[in-house]
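Asks: Once you've had a glance at the structure underneath, I'll fire off some questions.
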Amino acid sequence: MDEKQRIALIAMFKSEAGDHLSSINRDLLAVERSSDGNERQVLLESIFRDAHSLKGAARAVSFTQIEAIAHNLESVFGAARRAQIELSSTVCDVLYEGLDAVAAALGASQGLEEVQVDIGDLVERLEMVRQGQVPPAPARKTTAQPVKAPVAEPPVSQEKPTEPLPAAKAPAEAARTVPAPAPHVDEPPVVTDETIRVTISKIETLMAQA
């Protein structure tokens, strides 16, 4: 199978799996609400077929984790349709949790390969339900988050810390360090086309001579 065929097959699987999940959720809710034995039996038959088809589709594309969850869901629904177990609210909570885990696994796998997700002890509790046992409450709420690889810590730099720049001098200190003004030197007269500029010292000298 080439890549294009694989892409088409995965897309078809995800679409089909979404349809199966919607049907199972709808029919399971109807089973909980119905008091008619015959109606409940028909709904359970439909749910069982959807779970079985979901398992087979996951196996065809090698989505093994979804296949495992679907297999356990199928086993529980099979036991329920044979009247071996009663679909109590506690049992249905575990079943809905399994359906949510499949949906989350489908959403996490955006490429051509399945992304492993954290489903806690879900499979074990589904097996307990199938055997007619009351499963314990989950140790943690199953959110089916993708399992991420640990991120390596960045290496600690061995370089010496950079010396801090000297702080700016305070205004008072800066004022004390202002250089003294240069000694007064007589400036030569500047002659322009219109005026003559003479320093005061030159004028005083001329006045003394006069």
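Asks: Return the residues of region 119-137 that are over 15 Å from residue 67 (Cα atoms) and either under 23 Å from the mean Cα position of the chain (by Cα) or hydrophobic (A, V, I, L, M, F, W, C) (or both); say none if nothing qualifies.
Replies: Passing the criteria: 120, 121, 128, 129, 134, 137.
Asks: Scan region 33-91 residue by residue and report those that are polar (S, T, N, Q) and either at pLDDT below 95 or farther than 30 Å from residue 110 by Cα (or both).
Replies: 34, 35, 38, 41, 62, 64, 65, 84, 88, 89, 90
Asks: Can you list residue pairs whose Cβ atoms sit under 6 Å apart, with the first residue in region 97-118 being more than 23 Å from residue 137 (Cα to Cα) and the second being open to solvent by less than 30 Å² (accessible area, probe 1.4 Å) and not in a helix (DSSP H, G or I)? Count only pairs 6 or more apart in sequence or on different chains.
Replies: From residues that are more than 23 Å from residue 137 (Cα to Cα), the pairs are 108/117; 114/63; 115/109.
Conditions (1) without any contact (Cβ under 8 Å) to a residue 60 or more places away in the chain; (2) in contact with a Pro (Cβ under 6 Å, 6 or more places away or on another chain); (3) open to solvent by less than 60 Å² (accessible area, probe 1.4 Å); (4) within 28 Å of residue 136 (Cβ to Cβ), marked per residue:
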residue: 14; (1), (2), (3), (4): no, no, yes, no
residue: 22; (1), (2), (3), (4): yes, no, no, no
residue: 42; (1), (2), (3), (4): yes, no, no, no
residue: 47; (1), (2), (3), (4): yes, no, yes, yes
residue: 71; (1), (2), (3), (4): yes, no, no, yes
residue: 79; (1), (2), (3), (4): yes, no, yes, yes
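Asks: Can you confirm whether residue 105 is open to solvent by less than 20 Å² (accessible area, probe 1.4 Å) and either basic (Lys, Arg) or at pLDDT below 95 (or both)?
Replies: Yes.
Asks: Can residue 75 be described as more than 26 Å from residue 118 (Cβ to Cβ) and among the hydroxyl-bearing types (Ser, Thr, Tyr)? I'd like the intermediate steps shown before the answer.
Replies: On the way: more than 26 Å from residue 118 (Cβ to Cβ): no; among the hydroxyl-bearing types (Ser, Thr, Tyr): yes.
No; evaluated as a whole, the condition is false for this residue.
Asks: Just to be sure before I move on: is residue 112 under 23 Å from residue 51 (Cα atoms) and modelled with pLDDT of 90 or more in the structure I sent?
Replies: no
The values are calculated or read from the model by the stated rules, or taken from the named source; none is laboratory data. All of these numbers come straight from a predicted model, not from anything done at the bench. Positions of Cβ are generated from backbone atoms using ideal geometry, with glycine treated the same way; all protein chains shown enter the neighbour counts. Just so you know, the surface numbers come from the protein's heavy atoms only, side chains and all, with ligands and any DNA or RNA stripped out. Shrake-Rupley method; radii C 1.70, N 1.55, O 1.52, S 1.80 Å.
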